[in-house]
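Trainee: Take a look at this one; I'll ask things after.
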Amino acid sequence: MNLVESKDYGFCCLVKTSKQVLDRLEGIENRTITKITPRERINRSLWNRVALREAVINNIIHNDYTTELVPKFEIFADRLEMTSAGYIHPGEEREDFFAGYSIPRNKTLMRVFKDLDMVEYLGSGMPRILKAYPRDAYIFSSRFIRTVFPKDQEALMMEKEEMAEGGAIELTNRQREILGLIKSDSKISYRAIASTLGINESAVQKQLATLNKKGVLKRMGGTRGRWVVLK
């Protein structure tokens, strides 16, 4: 493999990884809790969806890969942390960073993401993030930039109320992952679920049967139908 082929392969891996991270965070971890009141239907997600997507892509595109370190995404009970390698000097450079004027560290990678419509234009991400989260969400050190998004407290409260009213149903992490994918796409296939989670189709079928038995999930319309999440 020559140098050009090696770079192209690296870009393909980064794009694939980016999509996997986004699928996991957007489709599974970022749950949307719904509360129906006499006046309205309230939907709250754990994290702002637009800001989440922009922050994930920013962390991947602007990571300093010369350090041989890769971006890190960690989920805690009360927050999501995203860490990338790099440094931004205090003062004018940091102000430019928050204004969306920073020069991309990896210009070719930025172009690849733009060609794939994963980003719109240079500098558009940060203003969108700051509409949902304050500057304090960013922590700068001598080698890393850490982004911290707290879980939406109202969404957590709604989730607790929902569990208290309907009774909690014990689910495994794998079952929650499958439900997250189905909530994102009610017509998703066994194969797509298996591919996303890295398991075989028979394991998916077994988990779906268990969810059906627990009264959490129902199939409507046969093989060409869709999934309905009941609880």
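The values are calculated or read from the model by the stated rules, or taken from the named source; none is laboratory data. A quick note: this is a predicted structure, and the numbers were derived from the prediction, not measured. Because the Cβ atoms are built from the backbone with ideal geometry, glycine has one as well, and the counts that use them run over all protein chains shown.
Trainee: Among the residues of region 27-70, write down those that are of a type in the set (Asp, Glu), assigned by TED's automatic domain parsing to the domain that holds ALA132 and more than 20 Å from ILE129 (Cβ to Cβ).
Mentor: GLU68
Trainee: Sticking with this one: Working only within region 179-190, note down all residues that are in a helix (DSSP H, G or I) and either at pLDDT 90 or above or under 21 Å from the mean Cα position of the chain (by Cα) (or both).
Mentor: Correct list: LEU179, GLY180, LEU181, ILE182, LYS183, SER184.
Trainee: Let me ask something additional. Within the bounds of region 36-52, is there any residue that is under 28 Å from SER142 (Cβ atoms), part of a helix (DSSP H, G or I) and modelled with pLDDT of 90 or more?
Mentor: There is at least one residue in region 36-52 that is under 28 Å from SER142 (Cβ atoms), part of a helix (DSSP H, G or I) and modelled with pLDDT of 90 or more.
Trainee: Here's a follow-up. Quick one: in region 46-86, of everything that is in contact with a helix residue (DSSP H, G or I) (Cβ under 6 Å, 6 or more places away or on another chain) and of a type in the set (S, T, N, Q), which residue is nearest to GLN20 (Cα to Cα)?
Mentor: ASN58
Trainee: I would also like to ask the following. I'd like the full set of residues that are surrounded by fewer than 21 Cβ atoms within 10 Å (Cβ to Cβ) and over 24 Å from LYS107 (Cβ atoms), limited to region 52-80.
Mentor: Answer for region 52-80, where residues must be surrounded by fewer than 21 Cβ atoms within 10 Å (Cβ to Cβ) and over 24 Å from LYS107 (Cβ atoms): GLU74, ILE75, PHE76, ALA77, ASP78, ARG79.
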